[in-house]
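Notes for the one structure printed next.
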Amino acid sequence: MTDSDTETISVAEISDGPGGEGTEEPGTTVDLPVVDILTGRGFVTGKSGSGKSNTASVIIENLLSANFPVLIVDTDGEYYGLKQEFELLHAGADDECDIQVSPEHAERLATLALEQNVPIILDVSGYLDDAASDELVTEVAKHLFAKEKKLKKPFLMLIEECHEYIPEKGGMDEAGKMLIKIGKRGRKHGLGVVGISQRPADVKKDFITQCDWLVWHRLTWRNDTKVVGRILGSEYADAIEDMGNGEGFLVTDWSESIRRVQFHKKETFDAGATPGLDDFERPDLKSVDGDLVSDLKEISDEKARQESRIADLRQEIDKKDARIRQLERELEEARDLSRMADQFAQAMFQKAEAPYRGGDGRNLNRPADKQAALGEYNGSADGDVGDAAADAAADADSGDDGAADADAPSRQLEAPSGPPWPTHGLLSERDEAAADGTGGPSGAGTASEAAPPADDESWLADAEMGDFQPAELHPAPGAESRRDVVDRMTAIIDALGDAHHGMLAHYRERGVSDPLAAHVAAGETGDQHLAYGRNRSLRRAGFIRHAGRGKYEYALPDLVSDEYADLLGDDELRETVAAIEASFVEEAADGE
């Protein structure tokens with residue numbers, strides 16, 4: 001056995017009072033074996049002001065005086081006063097610390113403590129985020145444990161307010177689990193731990209009962225004295241309530257008796273003392289080697305560079321995300337316009353499947369057994385169409401009065417010149433010319449664009465909507481030649497999305513509103529770009545019109561009136577508009 005194995009530190013004297021079992025006279029010096037303190041498991045408790053932090057400081061002062069380094073996890077920033085007499089590295093988050101540290105510094109701190117014998121105060125009182133301080137404590141404890149498995153050097157880690165890390169109730173985080181691991185397995189590697197708490201009832205009992213040495217200062221709360229009674233006995237639970245400041249029961253594995261002792265008063269500045277009315281004067285503190293701080297600052301600088309790079313990358317990601325959102329809005333708007341274009345094409349070709357978008361050209365208004373795709377006609381179809389066109393042209397040139405009289409009923413249903421509905425600027429000059437029958441800029445029309453035969457009256461049956469028949473509204477001559485107005489406008493509205501339906505219902509209810517309010521009322525987001533894009537589709541269809549100052553007004557009744565050349569009576573107009581509105585008003589009501 002070497003001299004270091006038997007080295008002791010003097011921390012207290014035997015006190016006179018109830019509870020002590022020892023045979024030593026009051027005033028006898030109490031010594032603690034250094035190796036057992038450095039490598040064991042200790043627990044110091046007592047209510048606020050009873051002297052527990054003073055006891056911890058006295059033990060630390062004696063160890064530092066004997067050149068034994070320690071690491072203190074300081075939760076309240078009260079141990080920096082040790083720097084008045086000793087060179088310690090004060091690391092934490094405050095400007096008063098020697099160095100500001102984070103979990104990235106943990107390995108370096110463990111190296112300084114164990115390999116370079118640098119005492120460290122790990123001050124976690126300045127961290128606003130508990131998760132950050134807990135992570136720092138966890139990483140430091142992990143690196144101390146890992147290094148001690150190889151070094152096996154006696155070293156003490158002191159934890160203030162240990163109930164925050166190893167609570168009796170509730171789950172433990174990573175820091176608590178690591179401290180429990182040190183308590184159970186650290187001794188054989190040379191790593192000791194001592195916990196300080198003012199609430200023994202809140203500390204995990206598995207930790208307390210495994211401790212090699214314990215100090216019990218004054219406790220008065222019933223739950224805490226119950227803990228004393230269970231561990232020491234009921235007579236100690238009664239006596240502990242009347243103990244003076246700095247006085248406590250000392251229980252150790254190397255002594256068979258429970259001793260009542262009075263601990264010495266710490267020699268360094270008491271930063272944890274309750275402030276008085278006198279002016280506070282911070283003592284002169286010893287500085288640590290500048291090289292130690294510079295090494296840690298290099299880690300801080302590297303972390304700052306990494307954080308700056310991460311910030312730049314996040315900014316780039318934000319820009320790309322914004323671009324993606326913009327493209328998504330534009331895509332949604334393009335889809336809306338595509339649906340509108342499809343519907344316009346279908347309305348023009350009697351709701352046929354648009355061949356130019358992959359359809360077969362079927363007439364969706366006709367019964368299934370009477371439909372035919374474009375590709376289903378035989379090879380003579382082209383000739384038939386051409387002959388029919390030639391015959392139609394010849395009839396037109398002959399001026400046969402008899403033929404004109406015979407076709408008189410059907411001529412009442414021939415399409416008037418111009419497109420079958422207001423284009424509102426949607427069709428190009430060429431498209432409008434084709435719709436007018438002029439055949440484009442050259443003025444050459446095609447016979448294939450003529451009105452349906454007079455004897456084909458299937459559209460009358462297909463146009464029925466309940467008891468309402470558009471033919472009863474006496475539309476202008478030829479207004480029904482391509483598509484019943486109600487059926488055609490309903491088809492156009494059906495082609496729009498649910499958002500458009502909700503917006504149109506909002507305009508109908510309010511009369512005049514703005515696109516953003518209509519978009520939100522439809523249950524959509526406050527995305528201004530998307531709102532105005534969908535509003536544009538409604539405006540181009542003629543369902544709303546600009547009312548000035550960013551407002552739009554409901555225009556469906558006027559649109560219907562224009563379709564019938566203003567020949568509808570008030571009741572007929574209301575009935576027609578209501579039949580069209582049923583395609584979106586009921587849906588909006590169901591959505592609500």
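Beyond 28 Å between alpha-carbons counts as too far, so tell me which of LYS150/LYS184; LYS52/LYS149; LYS52/LYS169; LYS83/LYS150 fall in that bin. Please list the in-between numbers first.
Details: LYS150/LYS184 17 Å; LYS52/LYS149 31 Å; LYS52/LYS169 23 Å; LYS83/LYS150 30 Å.
In this structure, LYS52/LYS149; LYS83/LYS150 lie more than 28 Å apart at Cα.
Take every Cα-Cα pair in segment 204-266 and report what % of them are more than 21 Å apart.
Details: 367 of 1953 pairs.
Within segment 204-266, distances greater than 21 Å cover 19 percent of Cα pairs.
Tell me the net charge near GLY548. Cut-off is 14 Å between Cβ atoms, GLY548 excluded, with +1 for each Lys or Arg and -1 for each Asp or Glu. Intermediate results must be reported in sequence, preceding the final value.
On the way: positive: ARG539, ARG545, ARG549, LYS551; negative: ASP514, GLU553.
Taking every other residue near GLY548 into account, the sum is +2.
Quick check for you: with a 1.4 Å probe and neighbouring chains kept, what is the accessible area per residue of segment 14-91, in Å²? Write out the running numbers ahead of the final one.
Numbers: 2530 Å² over 78 residues.
That works out to 32 Å² per residue.
Short version: ³J(HN,Hα) in whole Hz for each residue of segment 157-174, in order, from phi by Karplus 6.51 cos²θ - 1.76 cosθ + 1.60 (θ = phi - 60°), x for Gly and Pro, what are they?
Ordered by residue, 3J(HN,Hα) equals 10, 9, 10, 6, 6, 5, 5, 6, 9, 10, x, 5, 10, x, x, 9, 7, 4 Hz.
Between LYS303 and THR8, what FRET efficiency comes out of the Förster formula 1/(1 + (r/R0)^6) with R0 = 60 Å and r the beta carbon distance, rounded to 0.05?
Details: r = 43 Å, r/R0 = 0.71.
Taking R0 as 60 Å, the efficiency between THR8 and LYS303 is 0.90.
In sequence order, what are the phi-derived ³J(HN,Hα) couplings for segment 89-104 according to the Karplus relation 6.51 cos²θ - 1.76 cosθ + 1.60 with θ = phi - 60°, rounded to whole Hz, with x for glycine and proline?
8, 9, 10, x, 10, 7, 5, 6, 6, 5, 8, 8, 10, 9, x, 5
Where does segment 491-536 land on Rg(C-alpha)/(2.2 N^0.38 Å)? Before the final figure, lay out the partial values.
On the way: Rg = 9.7 Å, N = 46, 2.2 N^0.38 = 9.4 Å.
After normalising by residue count via 2.2 N^0.38 Å, the value is 1.02.
Provide the per-residue ³J(HN,Hα) series for segment 295-309, in order, calculated from phi with Karplus coefficients 6.51, -1.76, 1.60 and θ = phi - 60°, each as a whole number of Hz, with x at glycine and proline positions.
Karplus-based 3J(HN,Hα) across segment 295-309 equals 4, 5, 5, 4, 5, 5, 5, 5, 5, 4, 5, 5, 5, 5, 5 Hz.
Hey, how many Å between the Cα centroid of segment 35-52 and the Cα centroid of segment 211-236?
Answer, in whole Å: 13.
Name the residue farthest towards the positive end of the dipole of segment 48-162 from the options ASN117, PRO154, VAL140, assuming +1 on Cβ of Lys and Arg, -1 on Cβ of Asp and Glu, about the Cα centre.
Checked the options; the winner is PRO154.
Note down the magnitude of the dipole of segment 505-592 about its Cα centre, charges +1 on Lys and Arg C-beta and -1 on Asp and Glu C-beta and zero elsewhere, to the nearest 20 debye. The partial results should precede the final answer.
Values: 10 positive and 18 negative charges, 142 e Å.
It comes to approximately 680 debye.
What does the charge dipole of segment 17-167 about its Cα centre add up to, to the nearest 20 debye, if the Cβ of each Lys and Arg holds +1 and the Cβ of each Asp and Glu holds -1?
Working: 11 positive and 28 negative charges, 155 e Å.
Taking the Cα centre of segment 17-167 as origin, the dipole is about 740 debye.
Past 25 Å, Cα to Cα, is the threshold; run LYS177/LYS205; LYS265/LYS297; LYS152/LYS204 against it and keep the listed order. Let's see the in-between values first.
On the way: LYS177/LYS205 14 Å; LYS265/LYS297 36 Å; LYS152/LYS204 27 Å.
Listed pairs above 25 Å: LYS265/LYS297; LYS152/LYS204.
Amide H of LEU89: which non-local residues (sequence gap of 5 or more, or other chain) have their own amide H closer than 5 Å, using H built in the peptide plane?
Sorted by chain and number, the residues that satisfy this are ILE120, ILE121.
Over the alpha-carbon set of segment 481-592, work out the extent along each principal axis and list the three values in angstrom, largest first.
41, 31, 24
Got a sec? What order do LEU128, LEU63 fall in by accessible area at 1.4 Å, biggest, i.e. largest, first?
Working: LEU128 175, LEU63 0 Å².
I get LEU128, LEU63, largest accessible area first.
Taking 0.36 nm per residue of sequence separation and subtracting the Cα-Cα distance, how much length would be gained by fully extending the chain between LYS319 and GLU104, in nm to one decimal?
Working it through step by step, the gained length comes to 74.4 nm.
Near the amide H of ASP74, under 5 Å away, which other amide H atoms are found, from residues 5 or more places off or on another chain, if H is placed in the peptide plane?
For ASP74, the qualifying residues are LEU122, ASP123, VAL124.
Gap in Å between the Cα centre of segment 242-260 and the Cα centre of segment 520-568?
88 Å
The values are calculated or read from the model by the stated rules, or taken from the named source; none is laboratory data. Quick caveat: nothing in here was measured; it's all calculated off a predicted structure. Ideal geometry is used to build each Cβ from the backbone, glycine not excepted, and the neighbour counts take in all protein chains shown. With ligands, DNA and RNA removed, areas are computed over all heavy atoms of the protein, side chains included. Shrake-Rupley method; radii C 1.70, N 1.55, O 1.52, S 1.80 Å.
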